[in-house]
Amino acid sequence: MKRTTLALIAALVLAVSAGAQNYHALYNDLPIALEEPDLPSIPDLTVSICSYGASGDGVTLCTEAFDRAIKDISKRGGGHIIIPSGIWLTGPIKLRSGIDLHLETGAIIQFTPDKRAYFDGDTQGRARPCISADKCTDISITGDGIIDGNGKYWRYAKREKLSDAEWKELKALGGTELQDGKLWFPSGLKHFEDLTDSPEKEESIRQHMMIFKRCTRLLISGVTVQNSPKFHINPSQCTDVILDGVSVKCPWNAQNGDGIDIGNCQRVLVTRCRVDVGDDGICMKGGSGEKGLQAGACSDILICRNTVFRAHGGFVMGSDISGGMKRIVVQDCSFSGTDIGLRFKSAPGRGGHCEDIWIRRIRMNDIRDAAISYSCDYSDITYKAGAKVEGVEFAPDFAGMDISGIICRECKTGIVAKGIPGLNCIHDIVISGSHFFYTGKGTDIDSGTASITIKDTEFTTYE
């Protein structure tokens with residue numbers, strides 16, 4: 001056992017060293033200079049979750065074992081907590097500084113569907129995230145295993161998005177149908193008590209799967225993150241974040257099933273990830289209004305070599321971007337089957353300024369709507385009638401974007417851009433050296449509200 005542990009530690013150290021070298025190479029030949037994120041530093045101490053009373057039988061609740069292990073390793077200066085092959089049923093996990101949660105091949109962390117486990121007595125407000133950390137340094141989640149949020153017990157569902165078989169399977173859990181069977185809510189489930197007094201409230205307590213707030217040096221590598229109650233991976237106001245080789249997945253019809261949401265973070269790398277989800281794929285968020293502005297901009301972010309399948313957007317900015325977006329490079333990614341390829345969305349009250357955004361060599365196919373889309377009235381009916389608006393605080397300001405080398409085979413529309421009369425929301429954008437094969441229209445750009453320069457770009461369709 002001792003020899004195995006030493007070998008594992010050596011393998012982890014080698015993996016981190018190789019990763020550092022490869023990450024540095026990704027920053028060569030970028031269109032702008034970006035600050036690189038630092039890797040977390042995790043001490044060599046290695047323990048098994050089994051040493052703290054956990055059992056991987058899929059029945060034993062391991063919440064207290066995870067808590068004991070994290071507190072103990074934290075007191076000892078940090079280290080690696082090994083999750084062996086098995087199914088480890090647990091409530092929420094709160095990480096601490098210096099901790100690596102390492103899932104071996106065959107390991108599945110399954111979050112309990114018993115919602116009481118996500119509240120500390122008082123069931124008011126939103127449930128605790130499945131995995132969280134706040135103001136921590138040097139934390140990581142690594143390995144080959146699976147982290148499953150059991151989201152079907154939390155999410156509401158729309159009948160129009162489900163087949164007859166899927167709807168029947170969902171109703172087998174119990175639940176409540178509303179609006180003449182158009183909606184299903186996770187209230188009145190067969191094996192679990194409700195924590196609220198209405199189906200709508202029961203749905204509103206659902207949480208994001210992974211939330212990291214104000215953390216420094218965060219690494220998530222290799223694991224599969226799936227079936228979140230809401231968003232899957234959400235670093236917020238963090239510095240030095242690396243997501244490498246992570247698979248993020250949930251049903252395409254999962255409500256609010258965002259894959260990766262980067263909120264007000266600096267020095268971020270997202271590479272070699274595979275995303276197949278029910279909402280936005282890889283998304284930049286910047287908060288709303290003054291609060292978002294105070295949280296700071298998303299900056300020095302490299303998104304490269306990723307693949308997005310089903311999602312509302314492959315790469316997305318918005319809808320909340322008040323903190324601003326700057327020094328962001330997105331390159332060498334593939335989007336296959338997304339609703340929209342490159343999606344920029346916001347609205348007055350939650351908009352913000354963008355600059356130094358570089359997007360290069362994106363390959364797309366089977367895009368349901370637009371390959372590139374700009375919308376400045378997202379979920380805000382006040383501005384959809386086209387009325388002239390002036391003097392609005394936190395208006396969208398999509399600007400300073402250089403997009404080149406896009407190849408899209410089959411989209412409904414190549415480029416869609418619609419701003420708001422009276423506001424300069426879409427400007428100083430160049431799209432060049434690209435090719436769009438569309439089935440509906442080449443472009444749908446409102447020249448009165450959007451200023452986009454298109455150069456050396458072809459739009460083709462069926463003859």
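The values are calculated or read from the model by the stated rules, or taken from the named source; none is laboratory data. As the structure is a prediction and not an experimental result, all values here were calculated from the model. Here the Cβ positions follow ideal geometry from the backbone for every residue, glycine too, while neighbour counts run over all protein chains shown.
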Among 197, 240, the single one that is in contact with a Lys or Arg (Cβ under 6 Å, 6 or more places away or on another chain) and not polar (S, T, N, Q) is 240
The lone condition residue 140 fails out of (1) more than 30 Å from residue 80 (Cα to Cα); (2) touching a strand residue (DSSP E or B) at 6+ places or on another chain (Cβ under 7 Å) is (1)
- Does the range 157-169 include one or more residues that are assigned to a strand (DSSP E or B), under 23 Å from residue 246 (Cα atoms) and either touching a residue at least 60 places away in the same chain (Cβ under 8 Å) or not small (Gly, Ala, Ser) (or both)? no
Those residues of the range 32-89 which are in contact with a His (Cβ under 9 Å, 6 or more places away or on another chain) and part of a helix (DSSP H, G or I) amount to 73
Worksheet item: Does any residue of the range 217-224 turn out to be of a type in the set (Ser, Thr, Tyr), modelled with pLDDT under 95 and surrounded by fewer than 24 Cβ atoms within 10 Å (Cβ to Cβ)?
Response: no
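On the phi < 0 side of the Ramachandran plot and modelled with pLDDT of 95 or more: which single residue out of 169, 104 fits that description? Show your work before the answer.
Values: 169 fails: modelled with pLDDT of 95 or more.
It is 104.
Residue under question is residue 125, and the condition is that it be surrounded by fewer than 18 Cβ atoms within 10 Å (Cβ to Cβ) and either in contact with a helix residue (DSSP H, G or I) (Cβ under 9 Å, 6 or more places away or on another chain) or part of a helix (DSSP H, G or I) (or both); does it hold?
Working: surrounded by fewer than 18 Cβ atoms within 10 Å (Cβ to Cβ): yes; either in contact with a helix residue (DSSP H, G or I) (Cβ under 9 Å, 6 or more places away or on another chain) or part of a helix (DSSP H, G or I) (or both): no.
So residue 125 fails the test.
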When residue 103 is run through (1) surrounded by 20 or more Cβ atoms within 10 Å (Cβ to Cβ); (2) aliphatic (A, V, I, L, M); (3) in contact with a Lys or Arg (Cβ under 7 Å, 6 or more places away or on another chain), the failure sits at (3)
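A quick yes/no check of all residues on (1) within 25 Å of residue 32 (Cα to Cα); (2) outside the structural domain of residue 241 (by TED's automatic domain parsing); (3) crowded, with 24+ Cβ neighbours inside 10 Å:
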position	(1), (2), (3)
252	no, no, no
267	yes, no, no
296	yes, no, no
300	yes, no, no
315	yes, no, yes
327	yes, no, no
